[in-house]
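What follows draws every value from the coordinates through simple rules; no lab data is involved. All values reported here derive from a predicted model rather than from experimental measurement. With ideal geometry, Cβ positions are generated from the backbone for all residues, glycine too; neighbour counts draw on all protein chains shown.
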Amino acid sequence: MDIKGTSVVITGGASGLGAGAARLFVEQGAKVALFDRNLELAQQTASELACLAVACDVADEASVLKALKQVTESNGAPRIFINCAGIDIAGRIATRGGGPQPLDALGKQIAVNLTGTFNVCRLGADLVRQLDRLDGEEQGVIVNVASVAGLDGPRGQTAYAATKAAVIGMTLPMARDLAGYGVRVVTIAPGVFNTPLAAEVLRGDPETMTESVPFPKRAGQPAEFGKLALHICQNPMLNGEVIRLDGGLRAT
């Protein structure tokens, strides 16, 4: 897909992986909209990148519909969706001193990581299927963000891993559902990346948590995530696949 001039929605775009992808897509001439609950931070990032900031709660249907209407009026109907919005509430499922993990730790993560991703995908895909066909084979692209935790999660990540495994599980059936409309679906499963969310969950600098990464022995950079998201959009044979982006990391 030709990125230049294409309307792109990036959820969770105010910081981290979303902001890293946004920078690269703007450089390629895309019309980028950052969807985020933190509108103030999204506006700061959008001002730096010369793109659009839109307040959006991905788990709320009315909020997403309103945000899609706003971006369509400003940038044109989006054909590319990069779903980076997510939260991570770390904690072991039961501990001797603390008892069972609170049930809402799972509920809150389901709402954002799973329901939010599904919500943007279904509403976005329904919008894309109604658009005029582009020259060539395809109509749109959805890039979802899971995590290596959804494949081989470490201790303290049971609830988070469950939501990310669900995103991984949606990939192939969603690609099959949307194949008739020329919409591709690919999921990226990042490892340790240098983002504010990672720093919060790890309670420290992500660079100090990379001893299990074979090579390169460092945290990934948001720009490297952005490069893969961009390549996915530009390579029409990538569809229905989950791609690890982790330097060979396998959780222990």
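Which percent of the Cα-Cα distances in the chain go past 21 Å? I get 55 percent for the Cα pairs in the chain exceeding 21 Å. Dipole magnitude for the chain: about 460 debye, using +1 per Lys or Arg Cβ and -1 per Asp or Glu Cβ, origin at the Cα centre.
Stretching A62 away from A77 to a fully extended chain increases their span by 3.7 nm, per 0.36 nm per residue minus the current alpha-carbon distance.
Amide hydrogen proximity for E241: with H placed 1.01 Å from N in the peptide plane, the residues at 5 or more positions away or on another chain lying under 5 Å are T187.
Ranked from highest to lowest mean number of other Cβ atoms within 10 Å per residue, what is the order of the peptides 239-245, 189-195?
In decreasing order of mean packing, 239-245, 189-195 become 189-195, 239-245.
Place +1 on the Cβ of every Lys and Arg and -1 on the Cβ of every Asp and Glu in the chain, take the dipole about the Cα centre, and give the residue among T187, Q43, A94 whose Cα lies farthest towards its positive end. Sorting the options by dipole projection puts first A94. Region 46-73 and region 228-252 have Cα centres spaced 26 Å apart.
Largest GNM mean-square fluctuation across F225, F215, F81, computed for the chain with C-alpha springs under 10 Å, falls on F215. For the chain, complete DSSP H runs whose alpha carbons reach 27 Å or more along their own long axis and whose mean Kyte-Doolittle score is -0.5 or higher are 158-178. Annotation for A179 and R92: the two label points, set 7 Å from Cα along the Cα-Cβ direction, are 4.5 nm apart. Other residues with beta-carbon under 13 Å from the beta-carbon of N235 carry, at +1 per Lys or Arg and -1 per Asp or Glu, a net charge of -2.
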